[in-house]
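Okay, structure first, notes after.
Every read-out reported here was derived from the displayed coordinates using simple, explicitly stated rules and does not represent laboratory data. Computed from a predicted structure; not experimentally measured. Ideal geometry is used to build each Cβ from the backbone, glycine not excepted, and the neighbour counts take in all protein chains shown.
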Amino acid sequence: MKTYRNPDEDGYYGEFGGAFVPEMLYPNVEELQHNYLEIIESEEFQEEYQDLLKNYVGRATPLYFAKNLSKKYNTQIYLKREDLNHTGAHKINNALGQALLAKKLGKQRIIAETGAGQHGVATATACALLGLECIIYMGEVDIARQAPNVGRMKMLGATVIPATSGSKTLKDAVNEALRDWINNATTTHYIIGSVVGPHPFPDLVARFQSVISEEIKWQLKEKSGRENPDVVIACVGGGSNAAGTFYHFVDEPSVKIIAAEAGGFGIHSGKSAATTFLGTLGVLHGSKSLVMQTADGQVIEPHSISAGLDYPGIGPFHANLSINKRAEFFSINDEEALKSAFELTQIEGIIPALESAHALAVLEKKSFGKDEVVVICLSGRGDKDMETYLSKL
Ligand SMILES: *Cc1c(COP(=O)(O)O)cnc(C)c1O
């Protein structure tokens with residue numbers, strides 16, 4: 001049977017994926033490729049991981065029936081509350097899983113990249129808990145605009161190293177982290193923060209985030225008597241919260257899959273991050289996928305009001321859903337996301353992350369049947385975005 005859920009043994013989702021890394025990284029990447037499934041599926045690993053998810057992260061997160069929102073859009077809307085996780089978003093599911101995996105592989109030193117600082121904070125948190133050395137690469141520009149998260153990482157004991165090349169943002173931080181990994185291959189594990197990077201990272205991260213849809217299934221069954229919703233919606237930066245939300249539904253043809261990308265100022269404005277609309281086949285950060293690039297392969301600077309969606313690529317899992325039309329992609333502009341963030345706050349009393357607001361904004365673009373069950377992933381909380389929100393009041 002054709003599956004959208006996992007890659008083939010070479011790490012391909014259809015034509016996307018694979019592992020395109022410098023030769024010096026082969027041993028590291030191959031070590032992971034050969035061992036990740038056996039380790040993370042082992043009883044010992046699962047016992048420790050599930051215990052932490054429950055007692056440390058605070059899972060299961062609620063599946064909340066949003067009555068007011070449902071009334072407004074005349075359909076049945078449930079919110080999967082990843083914003084209620086420890087550290088405020090879904091990223092901790094993956095950071096903890098990979099930190100545990102690193103320990104099992106005998107690595108004591110962790111590196112990670114971060115854009116807005118959310119993945120950096122989640123990684124620094126996991127490292128503090130598990131007693132691992134933590135180095136976070138972050139663009140110099142991002143360090144300046146995300147001061148509270150930089151402070152959190154430092155307080156958690158991480159070393160934050162500025163990436164000073166290129167545009168001094170996320171993609172430059174990824175390049176620095178990859179360089180570090182090459183130089184410290186035997187001691188170090190690189191915790192990639194989304195379903196991107198060379199195989200097996202997209203699959204590894206998707207599996208750690210798949211707890212989101214695993215919970216949706218039993219929670220929806222409890223609440224409505226059925227496991228499968230009619231529609232699932234999530235925002236896509238690299239694609240990890242979306243992969244987790246879609247994971248147990250992509251091979252269920254009755255479930256509609258909807259992804260929301262950051263349109264920025266508009267798809268054709270030159271300031272956008274809508275990769276499935278603007279991207280072409282290319283290799284970025286170790287895997288073949290859709291990439292926003294010029295005809296001669298220079299990466300185009302993305303733009304989004306939300307730092308977490310401001311990425312010029314998309315994971316191979318999602319590129320494959322897009323090209324096969326298994327998922328419907330919407331491009332949501334900055335202003336549309338802002339409007340939805342204020343709406344949710346005012347009618348449900350929940351301040352969402354700007355990223356998550358892109359998923360909510362799909363409700364303005366597409367209507368659903370009165371009895372249809374629509375599950376939206378609320379990937380994170382809005383505390384980090386208060387400055388942006390307050391500037392719009
Ligand atoms: C990082 C982040 C995202 C985007 O990352 P994905 O890998 O696409 O999930 C979305 N929402 C929040 C709250 C984030 O912190």
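Net length available on complete extension from Gln298 to Lys223 is 22.1 nm, with 0.36 nm assigned per residue and the Cα-Cα distance removed. At the listed q of 0.17, 0.18, 0.23 Å⁻¹, the Debye profile of segment 282-393, built from one uniform point per Cα, gives log10 I(q)/I(0) equal to -0.95, -1.02, -1.31.
Using a Gaussian network model of the chain with C-alpha springs under 10 Å, which one of His318, His86, His358 is most mobile by mean-square fluctuation? Looking only at His318, His86, His358, the biggest GNM fluctuation is shown by His86. Under the shape rule built on the C-alpha gyration tensor, where the axes satisfy a ≥ b ≥ c, segment 322-365 is prolate, since a/c reaches at least 1.5 and a/b is greater than b/c. Close amide-amide hydrogen proximity is noted between Tyr137 and Ala112, Glu113, Thr114, Ile161, each under 5 Å apart and 5 or more residues distant or on a separate chain (H modeled in the peptide plane; Pro and chain starts excluded). Shown here for segment 294-372: GluC sites (Glu not before Pro) in loop regions (DSSP other than H, G, I, E, B) with at most 16 other Cβ atoms within 10 Å, namely Glu372. Spacing of the modelled spin labels on Glu328 and Val283, each 7 Å from Cα toward Cβ, amounts to 3.6 nm.
The share of C-alpha pairs in segment 5-69 whose separation exceeds 20 Å stands at 57 percent. Taking the DSSP bridge list for the chain and keeping only pairs wholly inside it, about 30 percent are antiparallel. For Lys392, a cut-off of 21 angstrom between C-alpha atoms picks up these lysines, skipping any fewer than 8 places away in its own chain: Lys271, Lys339, Lys384. Of the residues Leu84, Ala173, Pro148, the one whose Cα sits farthest toward the positive end of the charge dipole of segment 83-187, with +1 on the Cβ of Lys and Arg and -1 on the Cβ of Asp and Glu, is Leu84. Rounded, prolate or oblate: which one fits segment 164-286, using the alpha carbon gyration tensor with axes a ≥ b ≥ c (rounded when a/c is under 1.5, else prolate when a/b beats b/c, else oblate)? The shape class here is oblate. Inter-label distance, Lys71 to Glu364: 2.2 nm, where each label sits 7 Å from its Cα along the C-beta direction. Using the rule -39500 (n - 2.57) for each DSSP H run of four or more residues, divided by the residues of the chain, the 222 nm mean residue ellipticity is -12000 deg cm²/dmol.
When a/c is below 1.5 the answer is rounded, else prolate if a/b is larger than b/c, else oblate, so apply that to the chain with a ≥ b ≥ c taken from the square roots of the Cα gyration tensor eigenvalues.
Details: a/c = 1.36, a/b = 1.26, b/c = 1.08.
Note, shape of the chain comes out rounded.
With pairing defined as another cysteine C-beta under 4.7 Å, the cysteines of the chain that fail it are Cys235, Cys377.
What dipole magnitude, in Debye to the nearest 20, does the chain give about its Cα centre under +1 on Lys/Arg Cβ and -1 on Asp/Glu Cβ?
980
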